[in-house]
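The values are calculated or read from the model by the stated rules, or taken from the named source; none is laboratory data. Please read these numbers as outputs of a predicted model, since none were measured by experiment. Glycine also receives a Cβ, built like all others from the backbone with ideal geometry; neighbour counts cover every protein chain displayed. Heads up: the accessible areas ignore ligands, DNA and RNA and are worked out on the full protein's heavy atoms, side chains in. Shrake-Rupley method; radii C 1.70, N 1.55, O 1.52, S 1.80 Å.
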Amino acid sequence: WLVLGIIFVAGCASAPTPPDQYYRIYAREVAESNAMAPLDGVLIVRRFLSDGLVGERSVVYSDSDNDNPLFQYHYHHWTESPTRMLQEQLVPYLRRAHVAREVVTPDIQVDAEYEILGKIRRLEQLRGDSPSVVVDIEFSLTKTRRSELILLRRYSVEVACTDESLVAAIDAFNDAVSQIFAELSDDIHAY
């Protein structure tokens, strides 16, 4: 029994661990707008907020048949926290959409007339018979000097995946985030 135990332990110990894989979300390109910017001033895009698992670097998934329990992949991670990754994607997107005279992050340390803050409510892959991803973000846009709320809206998009793979899910995440950013840009232009 001792020999069998040693062989078993040695076999388990020599099993290779899968390598960690890292993913980014990219907002799809938006055509640069020549329209007059509706926000005449500097717009600061704050780092997004999130609760629980959504803000961590491991990719989150659930079963499409029962989306109540959430799970994290052990070897599949975002390149950085979704709160930072989405902030870094939104800034150039809003610049190209020409929603304000300037769009910056707080790192620039300038006085801004406007501030946008996003809260990630869902950012997860749904696995099962109908694989998809769900992205749900609430945005608030305020005028900083008067603490005036200009926009408060929750954007939620579900995009079907071609299959249950994480590669297909990342492509769907890109589409979902791009749809949300486009709707946000349209709402700011409607201001």
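What to note about this one:
- Amide H contacts of TYR23 (H built 1.01 Å from N, under 5 Å, at least 5 apart or other chain): HIS77, TRP78, THR79
- Computed from phi, the 3J(HN,Hα) profile of region 73-85 under the Karplus parametrisation 6.51, -1.76, 1.60 (θ = phi - 60°) reads 5, 8, 10, 10, 9, 6, 5, 8, 4, x, 5, 7, 4 Hz, with x in place of Gly and Pro.
- Each peptide in 108-120, 82-94 gets a packing score, the mean of other Cβ atoms within 10 Å over its residues, and the list from highest to lowest is 82-94, 108-120.
- When you restrict to C-alpha pairs under 8 Å that are six or more residues apart and normalise by the size of the chain, the relative contact order lands at 24 percent.
- Report note on the peptides 71-79, 145-153, 24-32: ranked by the mean count of other C-beta atoms within 10 Å, highest first, their order is 71-79, 24-32, 145-153.
- Couplings for region 109-125, taken from phi via the Karplus curve 6.51 cos²θ - 1.76 cosθ + 1.60 with θ = phi - 60°, read 6, 10, 6, 10, 7, 9, 9, 10, 10, x, 10, 7, 9, 9, 7, 8, 8 Hz in order; Gly and Pro are left as x.
- Karplus-derived HN-Hα couplings along region 146-162 (A = 6.51, B = -1.76, C = 1.60, θ = phi - 60°), whole Hz, x at Gly and Pro: 10, 6, 9, 7, 9, 8, 9, 8, 9, 10, 10, 9, 10, 10, 5, 9, 5
- Mean accessible surface per residue for the chain, computed with a 1.4 Å probe while every protein chain stays in place, in Å²: 55
- Region 42-109 - convex hull of the alpha-carbon atoms, volume per residue in Å³: 115
- Split the accessible area of the chain by element, probe 1.4 Å, and carbon with sulfur accounts for 50%.
- In this structure the amide hydrogen of GLY41, modeled in the peptide plane, comes within under 5 Å of the amide hydrogens of ARG101, GLU102, none closer than 5 places in sequence on its chain.
- Pair ARG153, HIS189: separation of 7 Å Cα→Cβ label points (nm): 1.2
- Between the Cα long axis of helix 166-189 and the first principal axis of the chain there is an angle of about 10°, rounded to the nearest 10.
- Computed from the alpha carbon positions, the gyration tensor of the chain leads to an equivalent ellipsoid with semi-axes of 40, 18, 14 Å, biggest first.
- Amide H contacts of LEU151 (H built 1.01 Å from N, under 5 Å, at least 5 apart or other chain): LEU141
- Mean ellipticity per residue at 222 nm, deg cm²/dmol - from DSSP H runs of n ≥ 4 across the chain, formula -39500 (n - 2.57): -9000 deg cm²/dmol
- Helix 2-13 and the long axis of the chain differ in direction by around 20°, with both axes built from C-alpha atoms.
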